[in-house]
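Asks: Provided herewith is a single structure, encoded as structure tokens, for subsequent inquiry.
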């Protein structure tokens, strides 16, 4: 009976530690996704500037080059462009794809849709530049939050697990 009790306490400790680590990992994943989006927007800007490729083709290429959630945003947006405009498809894709981006990040990315496919080349490039500047601010904020909260939640999960174990002993 004692062995079962200690095994259950060990499971409580491990579970709470893993929960803390998974919460902490979200901060790092958000930073990674923001940096991937910035890279993708650089590629997008270069493609529209030098190759004059249509937006759906560029998004298809980006969905292959960029993996993970950010690649899925471009893929979903490309799929939606068959039935709607580029700006509507972009906004819907940002909302529908599950990612680690927070509400402010999504709002920043949605600003790109205002001129996407609706203006000339220069207008779209300037909108990408504006979005990238906003993304840089979001990246700085995400990095600060990661530095501050990653260790906190990792240790907090373990500490709460230990506290539960102590109380149950």
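Every read-out reported here was derived from the displayed coordinates using simple, explicitly stated rules and does not represent laboratory data. On a predicted model such as this, the values are computed, not experimentally measured, just so you know. Don't worry about glycine lacking a Cβ; one is built from the backbone with ideal geometry, like all the others, and counts go over all protein chains shown.
Asks: Helix 55-65 versus the longest principal axis of the chain: what is the Cα-based angle in degrees, 0 to 90, to the nearest 10?
Replies: Around 40 degrees separate the two axes.
Asks: Would you mind getting me the FRET efficiency between residue 102 and residue 79? Use the beta-carbon distance for r and R0 = 30 Å, nearest 0.05.
Replies: Calculated value: 0.75.
Asks: Could I get the Rg over Rh figure for the stretch 21-63? Both from C-alpha atoms, Rh via Kirkwood, rounded to two places. Mind showing how you got there, number by number?
Replies: Numbers: Rg = 14.0 Å, Rh = 11.7 Å.
Dividing the radius of gyration by the Kirkwood radius yields 1.20.
Asks: What FRET efficiency comes out for the pair residue 92/residue 19, r = Cβ-Cβ distance, R0 = 35 Å, nearest 0.05?
Replies: Using R0 = 35 Å, I get an efficiency of 0.65.
Asks: Sticking with this one: For the chain, what does the helix formula give at 222 nm: sum of -39500 (n - 2.57) over DSSP H segments with n ≥ 4, over the residue count, nearest 500 deg cm²/dmol?
Replies: On the way: 6 runs with 140 residues, N = 169.
For the chain, the value works out to -29000 deg cm²/dmol.
Asks: Consider a paramagnetic label point 7 Å from the Cα of residue 43 along Cα→Cβ; state which residues of the stretch 64-107 have an amide N under 16 Å from it.
Replies: 64-79
Asks: Pairing the Cα long axis of helix 86-96 with the longest principal axis of the chain, what angle in degrees results, from 0 to 90 and rounded to the nearest 10?
Replies: That helix lies at roughly 10 degrees to the long axis.
Asks: Over the chain, one equal point on each Cα, no solvent: what is log10 I(q)/I(0) by the Debye formula at q = 0.14, 0.15, 0.17, 0.19 Å⁻¹?
Replies: These q points yield log10 I(q)/I(0) values of -0.74, -0.80, -0.95, -1.12.
Asks: Continuing with the same structure: Going by average Cβ density within 10 Å per residue, which order do the peptides 81-87, 125-131 take, highest to lowest? Walk me through the numbers on the way to the answer.
Replies: Details: 81-87: 15.1, 125-131: 17.0.
Per-residue mean Cβ counts within 10 Å order the peptides as 125-131, 81-87.
Asks: For a test of the definition: using alpha carbon positions, the gyration tensor, and the 1.5 limit on a/c, classify the stretch 76-169 as rounded, prolate or oblate.
Replies: Working: a/c = 6.35, a/b = 2.36, b/c = 2.69.
Judged from the Cα gyration tensor, the stretch 76-169 comes out oblate (a/c at least 1.5, b/c at or above a/b).
Asks: Further, regarding this structure: Dividing the alpha-carbon Rg of the stretch 7-106 by 2.2 N^0.38 Å yields what?
Replies: Working: Rg = 17.7 Å, N = 100, 2.2 N^0.38 = 12.7 Å.
After normalising by residue count via 2.2 N^0.38 Å, the value is 1.39.
Asks: If you don't mind, another one. At a Förster radius of 22 Å, what calculated FRET efficiency corresponds to the Cβ-Cβ distance of residue 2 and residue 165, to the nearest 0.05?
Replies: Working: r = 14 Å, r/R0 = 0.65.
After rounding, the FRET efficiency stands at 0.95.
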